[in-house]
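A short reminder: the numbers here are calculations on the coordinates, not readings from a lab. Values in this document were obtained by computation on a predicted structure and should not be read as measured data. Cβ placement follows ideal geometry from the backbone for every residue including glycine, while neighbour counts extend to all protein chains displayed.
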Ligand SMILES: Nc1ncnc2c1ncn2[C@@H]1O[C@H](COP(=O)(O)OP(=O)(O)OP(=O)(O)O)[C@@H](O)[C@H]1O
Ligand SMILES: Nc1ncnc2c1ncn2[C@@H]1O[C@H](COP(=O)(O)OP(=O)(O)OP(=O)(O)O)[C@@H](O)[C@H]1O
Ligand SMILES: [Mg+2]
Ligand SMILES: [Mg+2]
């Protein structure tokens, strides 16, 4: 009886510890968001969003950086999601037993630990020089796509693992080929988990500065990039530049730009979440 | 039909192969550039010298201070993020109302999306002064506050991915445990966590990777002072911070000083390689037991 | 007369879905009761109310009283973990933990903090013997439970439940995934356990219900249509619905 | 005489585990054959060899020949997807796709590239009618298949299989998760489908085997112990093993 | 390498020079709206690497070109000219509550920062005996920056000769925070960062080696050279290749004409009139030597 009491106490304490941890995480988030919002929200207006950069903090805007970030976001997702999901599917469904896959598995785990700046150096060499993309949006996106690929692959695999075998068997039993089974059943059924990985990965990609600077992203870009081969800058670079300026007014600009960057992330997460909840609701085993 | 299937398999394999090309590319870049470095600096000096001062007139090329700094901040970050992240995952999965779970999870994911500059200044201007009240000997820049803040940043990686893994454990196991009179706490730790260990380990590996690769927080809050120490209260520098500083700095390309970043990079690569192999080994052991 | 288990005017809703409609029943100790009825009629739901396994389900709502040994188990003061130790449950699909046979059986003890080897060893032998599995596995207790056959797994799950000395055993279609040999072993087991326990079994198999139970309860669309001694139910049911169901002339 | 299905000296190994031992059998068209035997004796394994569902399993290895309509299905030239369309399969646990009822039924057509609405509509009605489900769901074809009851789900799985007009139907314990009403519906269905199809059913339920099958095959530890007309098997089996199993005096 | 599109000028290089180039670019485009000027900050070294490959027109440099970089240019047949565009003062700073440290000599600075000071000069009183016996904590710019090179050269005598046990940061705002939070702090960094944070930190006067008077850092004292030796020149480098394009010629002319005004607007110190006229003359010569290519 006393043992049961003790169990209950442990259980209760853990519950409160769990609440505590969650509240801790959330309150850090709230503190961040509030301090940034208090600092920067007043600075946000239509002019701020639609103006070019300037050395005058009150005149400076983020238009090229914002559009640059959107370009990078879309292109990086467009490159990394298909390749990452395809790799994950291959490793989990086709290459389980062969040596190539084993080798790939360790290899991918290693890639996840390579710091982003090294990807920058790689991107400069391969995309910038050898493939002659220069410091373009495309070169930056390719670099970031490589950077987040491991996360997409790993989470795809974990999500696919969780799909029950009965679903595969049902499909095979009806004469579906392997690929039909994968594309029509397994991948849609695991989409929820895949999306979690993609959210985390892309959130990371759009916050990166160093690898992009190495690849050739600029800071002062007084025009809106209009295609993937254009030169560009992104919000985090603009933010970092402003943060390191001596004048305090730029700190306010940085906070305002951070709010915009977070808004971009929210919208993206919102879309992804909507999809995740939809898919997870549909498939309850 | 059959040809199409073969084609698709080949295409998928090719996509998976891109990661091999990436590795080859990274190794090529690292090795070709650090080759010149190791031609000048003997490996023994690189590994045993206790100072890292390539950019001073009195040059020392001992990588260990940077390795120590990297280890220190990563260990601190994981020591915070693993218990907190896993607790959150378990709490959301076993205790919290599904509605709460649905809204808290994405909210926490926002933490991973906040630009790391923000974390860096938060560490420097809020966390460090706060910690100094508890530990008066804490320096203005330290591994401790950088590591802790980094830990907060990677919490969602652990909490979200682990929660996904716990969620995927078959309901029947959960019911078996509850049916025996287990508390949610016991069910979580004796049944669910072991059954989800593969996914949890993956989340931790990804979190460690992110911590090792993080630069901005460390650059701002940890002091950029290579220090061969395990003391979390003093300034340190990590491998990645060093690489970022030099690769976007004023050092001339092709010089020995510039090549140090590739030597540091290859060290980090080997470091993560060892780390991954260890975790692979752990994972294999766990999976043998639970499948 | 003192009843082991009494349910009074139980109503269960899942959200707006009324799945158990004003069901009352009383069970005597050391009897076997079979719940029968078509799919979705609420057998499992009602069974799971008896050890509060539905507590964690979203939208689940229960009205009424369930008493075990005269005490309302939905009382605030009742500790649900204690209750579940007293009222064991076996599920339709064998669900052993991915651990060794030994660890599966002692799980219930370990979570009570009992870790003394002699007690554990003793319990393992006793429970496995009660579950008629001892002879088959005694040399291999360290083997993973997942390597056992379906029938063995189900008996292991029963042994695991017996390890904590419950007084009531709830079984939700415990033999539906088993072959006839394993099934008959489980049925024998139920027969043997009756002297120590009060047992409720959900089954789709009329022959099984007839073979093992003393009392049978027929559910239909959330109603308890009829409940009587098994002999009576299968030979001379009061309701035509029951008659139709038992003879397969339904729907 | 021409057989629908012939298996010649089939041996199956999982790694070093010999699970099917030199089994041969011949089945005539438009008959129902029941496979019975204790758990783990290889019934499912053998059944799954017949439409090559084991192809993807690690370590699976088969020797021998299986002919359908005289053609060896393990021939290099045979397209396994084609084969599976011709030889449908229904599993123990209903496993509908998490899609609408309609989409479940037309899945087999869609993967063949058939997307014409009129054909699909026609097929849905025909197959659901064949599976005795049409009346229950015809107004609600857009509903998620997961909202159906277990018995309905299983009939949906049968309908889904029938949609591609198979000539052989393999059923692995199709009624073990169902209540008697659903079970009898499935049994009736088997009876009706026999005029168009050759059916093999694995079951643990002796009554069921007796009720639905023309021929019964008894497996034990990977051997095909005995195979004969169901009437003969259940009244006058040649082997004592069979006798013991059928009467439940086994083990 | 840029075909079609509007005329454009690409600048990259030092993040220290960046604000000047940005200001010039902004003003230039205000009068030449059809020209696109982009400015990056991949560092002086990164910039020179692109510069020597002809990938950019102008490199911002916080230090003179090095011999390796020069030979890389030669190898690619790229001739260039450098122009001084501004001075950046370095402020010596301490915590505002520091009452004792009001001025300091170059010798004292040297004693504090030279390599042998490591692990030996650890308390204030070791610099001047009437200063307190308290630990001194040092802050300074990152070792790969031009500021660090210049400071060590001016104070210790050789570039990069420096003690290693101090807290460094690439970001001067971080140093401001560090000094402002530590009452025993002693640091140095760009003048603009001191000017913008006078409420948080206190400047230390440097005793001019020639006049032997303490001089506090300010735009004026740097400009009139009384604040010495802690100010360093900032440069831009221009390739001859770029001079084939009229827009670049216009831009450089504009840069030299306006850098005095614009560099002060971003917190740096402008060249003196004499220095400016030297740069103007250098530019005229350079332009003449590389006439604009006549369009075919
Ligand atoms: N978790 C749940 N949430 C919502 N509704 C549920 C839930 N579980 C069961 N139901 C609904 O409650 C009703 C009774 O279900 P229950 O599982 O008790 O039936 P059953 O008699 O055990 O059927 P079966 O013989 O198929 O096991 C059904 O209509 C079912 O759809
Ligand atoms: N995927 C597999 N890998 C290895 N061994 C397997 C696999 N599937 C089945 N076996 C083994 O093959 C043997 C035959 O199994 P099978 O599933 O065919 O039995 P069954 O007669 O269908 O039993 P049940 O009545 O329990 O369904 C068993 O010993 C089983 O352990
Ligand atoms: Mg049920
Ligand atoms: Mg089977």
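I'm checking a number: the convex hull volume of the Cα atoms of region A:3-43, normalised per residue, in Å³. What is it?
Values: hull volume 1.3 nm³, N = 41.
Cα convex hull per residue, to the nearest whole number: 32 Å³.
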Starting from the Cα of residue E:246, step 7 Å toward the Cβ, then list every residue of region E:32-68 with an amide N under 19 Å from that point.
E:32-37
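Neighbour counts of other C-beta atoms within 10 Å: give me D:93, D:231, D:43 arranged from fewest to most.
Details: D:93 18, D:231 13, D:43 25.
Final ranking by Cβ density, sparse to dense: D:231, D:93, D:43.
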Theoretical ellipticity at 222 nm over chain D - DSSP helices of four or more residues, -39500 (n - 2.57) apiece, nearest 500
-10000 deg cm²/dmol
Of A:114, A:74, A:31, the one that fluctuates the most in a GNM where chain A has Cα springs shorter than 10 Å:
A:31
Go through B:147-155, C:33-41 and give me the packing order, highest mean Cβ count within 10 Å leading.
B:147-155, C:33-41
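Note the direction-averaged projected area, equal to a quarter of the hull surface, for the Cα convex hull of chain E, in nm².
Details: hull surface 65.1 nm².
Projected area, direction-averaged: 16.3 nm².
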Against the longest alpha carbon principal axis of chain C, how many degrees, from 0 to 90 and to the nearest 10, is the axis of helix C:150-162 turned?
90
From fewest to most C-beta neighbours within 10 Å, the residues D:190, E:236 line up as D:190, E:236
Based on the Cβ-Cβ distance from residue C:82 to residue C:16, what FRET efficiency comes out when R0 is 22 Å, to the nearest 0.05?
0.10
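Taking each residue in B:209-219, count the Cβ atoms of any other chain within 10 Å of its Cβ, then average. What number comes out?
Working: counts 10, 7, 1, 4, 10, 2, 6, 8, 0, 0, 7.
Taking the mean over all residues of the peptide, I get 5.
How many partner chain Cβ atoms sit within 10 Å of a residue's Cβ in peptide B:82-95, on average, as a whole number? Numbers along the way, then the final one.
Details: counts 0, 2, 7, 2, 2, 9, 10, 3, 5, 9, 3, 1, 5, 8.
Mean inter-chain Cβ contacts per residue within 10 Å come to 5.
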Spin-label zone in region A:230-269 - amide nitrogen under 17 Å from a point set 7 Å from the Cα of residue A:70 along the C-beta vector
A:230-236, A:257-269
Those residues of region E:158-173 whose amide nitrogen sits under 16 Å from the label point placed on residue E:122, 7 Å along Cα→Cβ
E:164-167
Simple label model, 7 Å out from Cα along Cβ direction - residue E:103 to residue B:38, nm:
5.6
Geometric extent, Cα atoms of region B:64-290 - Rg, Dmax (angstrom):
19.7, 69
Förster radius 35 Å - calculated FRET efficiency between residue C:69 and residue A:166 (Cβ-Cβ, nearest 0.05)
0.25
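With the Cα gyration tensor of region A:48-282 giving a ≥ b ≥ c as the square roots of its eigenvalues, does the rule (a/c under 1.5 for rounded; else a/b larger than b/c for prolate; else oblate) give rounded, prolate or oblate? Working shown, then result.
Details: a/c = 2.76, a/b = 1.92, b/c = 1.44.
The shape class here is prolate.
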Looks like region B:116-249, by Cα gyration tensor root eigenvalues a ≥ b ≥ c and the a/c under 1.5 rounded cutoff (else prolate when a/b is bigger than b/c, oblate otherwise), is prolate
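What is the percent of Cα-Cα separations in chain C that go past 28 Å?
Numbers: 10493 of 31375 pairs.
The calculated P(r) of chain C puts 33 percent of pairs beyond 28 Å.
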When only C-alpha pairs under 8 Å and at least 6 residues apart count, what is the relative contact order of chain E, in percent?
25
Cα point-scatterer Debye curve for region A:2-142, base-10 log of I(q)/I(0) at q = 0.16, 0.18, 0.20 Å⁻¹
-1.08, -1.12, -1.17
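At a Förster distance of 41 Å, what's the computed FRET efficiency of residue C:214 paired with residue D:138, Cβ-Cβ distance as r, to 0.05? Don't jump to the answer; show the numbers that get you there.
Details: r = 43 Å, r/R0 = 1.06.
So, using R0 = 41 Å, E works out to roughly 0.40.
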Could you give the spread of the C-alpha atoms of region C:1-132 along their three principal axes, from largest to smallest, in whole angstroms?
48, 36, 30
Between residue C:240 and residue C:129, with labels modelled 7 Å along Cα→Cβ, what's the label distance in nm to one decimal, could you check?
5.4
Quick one: if you stick a label point 7 Å off each Cα along the C-beta vector at residue A:50 and residue B:48, how many nm between them?
6.8
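Taking each residue of A:159-171 in turn, how many C-beta atoms of other protein chains fall within 10 Å of its C-beta, and what is the average?
What the average comes to for A:159-171 is 5.
State, to one decimal in nm², a quarter of the convex hull surface area for the C-alpha atoms of region C:125-196, i.e. the direction-averaged projected area. Write down the numbers at each step before the final one.
Working: hull surface 18.8 nm².
Mean shadow area of the hull around the Cα atoms is 4.7 nm².
Once you have a ≥ b ≥ c as the square roots of the Cα gyration tensor eigenvalues for the protein assembly as shown, tell me rounded if a/c is under 1.5, and otherwise prolate or oblate according to whether a/b is larger than b/c. Walk me through the numbers on the way to the answer.
Working: a/c = 2.79, a/b = 2.08, b/c = 1.34.
Here the protein assembly as shown falls in the prolate category.
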Using only Cα atoms, find the angle between the long axis of helix E:146-155 and the longest principal axis of chain E, and express it within 0 to 90 degrees, rounded to the nearest 10.
50
Principal axes first, then extents: for the Cα atoms of region A:45-98, list largest minus smallest coordinate on each axis, whole Å, largest first.
61, 17, 13
Round to the nearest 10 and give me the degree value, 0 to 90, for the angle of helix C:117-130's Cα axis relative to the longest principal axis of chain C.
50
What's the exposure ranking of A:35, D:176, going from fewest to most Cβ atoms within 10 Å?
A:35, D:176
